[in-house]
Amino acid sequence: MNREFKVINMSYLDSISNGDNKFMQELIDLFFEQIPDYQNKLIGLNKIKDWNNLARIAHKAKSAIIMMGMEDLAVELKKLEENAKEEKNIGDYQEIIVKFVNDTNSAIAELKELKETIK
């Protein structure tokens with residue numbers, strides 16, 4: 001399956017699912033389930049300046065992002081994770097979180113479209 005999307009990159013998802021559409025759908029459903037929670041937690045933790053837990057959630061979210069081939073966003077989340085652990089570059093956190101929310105919302109839209117084609 002070689003479809004072109006703006007946000008997601010299907011190569012990793014294709015490789016780990018090995019052509020198993022049911023497994024691919026399960027991974028997509030897991031993404032749908034996890035991402036809104038990660039979005040809310042990142043926003044909330046940033047608001048209350050809980051840097052330790054912000055770093056922890058950024059790390060967890062990075063795994064879901066990598067699964068969908070969103071490598072640039074994964075790099076940003078790694079930066080957020082490392083900076084939050086050390087409580088440095090705090091002014092950058094909001095921008096990364098906004099990018100995470102926007103990109104993952106776009107990914108969800110693309111994955112909904114994809115899911116319709118792999119039934």
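Okay, here's what the table says:
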read-out: Flag for Gln25 being part of a helix (DSSP H, G or I) and at pLDDT below 95; value: yes
read-out: Filter result for the condition that a residue is over 25 Å from Ser15 (Cβ atoms) and surrounded by fewer than 13 Cβ atoms within 10 Å (Cβ to Cβ), over Asn52, Asn83, Asn46; value: Asn52
read-out: Positions within region 13-40 being surrounded by 16 or more Cβ atoms within 10 Å (Cβ to Cβ), in contact (Cβ under 8 Å) with a residue 12 or more places away in the chain and not aliphatic (A, V, I, L, M), in sequence order; value: Gln25, Phe31, Gln34, Tyr38, Gln39
read-out: Residues of region 79-96 that turn out to be more than 16 Å from Asn52 (Cβ to Cβ) and within 17 Å of the chain's Cα centre (by Cα), as a count; value: 4
read-out: Glu116 modelled with pLDDT of 95 or more and surrounded by fewer than 18 Cβ atoms within 10 Å (Cβ to Cβ); value: no
read-out: In region 90-101, residue surrounded by the fewest Cβ atoms within 10 Å (Cβ to Cβ) [restricted to those that are out of contact with any Leu (no Cβ under 9 Å at 6 or more places or on another chain) and not charged (D, E, K, R)]; value: Gly91
read-out: Meets criteria (at positive phi, modelled with pLDDT of 95 or more and not basic (Lys, Arg)) for Glu87; value: yes
read-out: Region 38-70, residues that are farther than 18 Å from Gln94 by Cβ and of a type in the set (Gly, Ala, Ser); value: Ser63, Ala64, Gly69
read-out: Subset of region 55-72 [closer than 20 Å to Glu4 by Cα, touching a residue at least 12 places away in the same chain (Cβ under 8 Å) and surrounded by fewer than 18 Cβ atoms within 10 Å (Cβ to Cβ)]; value: Ile66, Glu71
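The values are calculated or read from the model by the stated rules, or taken from the named source; none is laboratory data. The shown structure was predicted, so the numbers you read here are calculated from the model rather than taken from an experiment. Glycine gets a Cβ as well: all are built from the backbone with ideal geometry, and neighbour counts include every protein chain shown.
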